[in-house]
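Contents: one structure, followed by commentary.
Quick note: the coordinates plus some simple rules give every number you see, no bench work behind them. Worth saying up front: this structure is predicted, and the values here are computed from it rather than measured. Note that we place each Cβ from the backbone using ideal geometry, even for glycine, and neighbour counts take in every protein chain shown.
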Amino acid sequence: MRVDLAAAYRLVALEGWDDLIYSHISASVPKEPGHFLINPFGLGFDEVTASNLVKINSAAEIIGSSLHSVNVTGFALHAAVHAARPDAVCVLHLHETSTIAVSAQEGGLLPLSQHALRFAGELAYHDYEGLALTPREGESLVRALGTKAAMLLRNHGLVVLGRTVAEAYVLAATMIKACRIQLAAQSGNAALHRPRDDVIALAAEQLRDGGAVEGIAEWPALLRRLDRISPEFRT
């Protein structure tokens, strides 16, 4: 789990989806209910390694010893989602530019690409309420999320849930590509073509493949890419 989570941080940095030292990817610790791994606060995503990830509990209190602190305020969103969704082994929250831009559009993510159709009927939205997630906002956020695997935080960014780290990363990559395609299409100053509703529903069903765990095929290739570029993420 540490290696996979460190890999996700490095891949986010490699793609330029990070935001200085902010935003987080958290993962449940196997066989340790209520314990999570998260990045050391103050390090860039390209500095995260398997060994410097910090183990915390649901209150963001450090378990064991660590040379690093954690962003307690930043983990609040993750804590709320992990508590409400036991299936969420990994919760990924990013301030990626294209997702913020699309979240700020009244219509949100439009069915303009195959990537976007993956989220047809399975994308939640939550209105921006300020920097710090309050308990009340946490309750409204998880109500809005429901059983969905992805959410656009209006004027803020994206949240995706994965049954594995790989699944969360691949869902994020798909969402980001969908948002970038939408912005590119809208920049063309031409009428946009939307697939028929029955085609949207069919493609969404096909892309979700009966609820199969995503990322299984892609993750080994992504790890090999990291091993070529920055193998120290495993240390």
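A few comments on the model shown:
- Approximate spin-label separation Asn155-Tyr125, in nm, with each point projected 7 Å along Cα-to-Cβ: 1.4 nm
- For Lys55, the aspartates and glutamates whose Cα falls under 16 Å of its own Cα, not counting residues fewer than eight places away in the same chain, are Asp4, Glu32.
- Whole-Hz Karplus values for the range 221-234 come out as 5, 5, 5, 5, 4, 5, 4, 6, 8, 8, x, 5, 4, 6 Hz, taken residue by residue from phi with 6.51 cos²θ - 1.76 cosθ + 1.60 and θ = phi - 60°; glycine and proline positions read x.
- Annotation: extensible slack from Leu207 through Ser58 equals 50.3 nm (criterion: 0.36 nm per residue apart, minus Cα-Cα distance).
- Packing, taken as the mean count of other beta carbons within 10 Å per residue, orders the peptides 177-189, 16-28 from highest to lowest as 16-28, 177-189.
- Stretchable slack from Ala185 to Ser66, in nm (0.36 nm times residue separation minus alpha-carbon distance): 38.2 nm
- Derived scalar couplings ³J(HN,Hα) [the range 48-54; Karplus, 6.51 cos²θ - 1.76 cosθ + 1.60; whole Hz; x for Gly, Pro]: 6, 10, 4, 7, 8, 4, 9
- Extension gain, Ala221 to Leu20: 0.36 nm times the residue separation minus the Cα-Cα distance gives 69.7 nm.
- If you run the Gaussian network model on the chain, springs between alpha carbon atoms under 10 Å, then out of Leu67, Leu110, Leu158 the most flexible one is Leu67.
- Order by protection proxy (mean Cβ within 10 Å, highest first), peptides 223-232, 93-102: 93-102, 223-232
- As a rough guide to protection, the peptides 162-174, 46-58, 134-146 ranked by mean Cβ packing within 10 Å, highest first, stand as 162-174, 46-58, 134-146.
- Residue with peak Gaussian network fluctuation, the chain [Cα springs, cutoff 10 Å], from Gly42, Gly210, Gly74: Gly210
- Taking the helices alone, the chain has a mean residue ellipticity at 222 nm of -12500 deg cm²/dmol, built from -39,500 (n - 2.57) per DSSP H run of at least 4 residues and averaged over all its residues.
- Pairwise Cα inverse-distance average, inverted: Kirkwood Rh of the chain (Å): 18.1 Å
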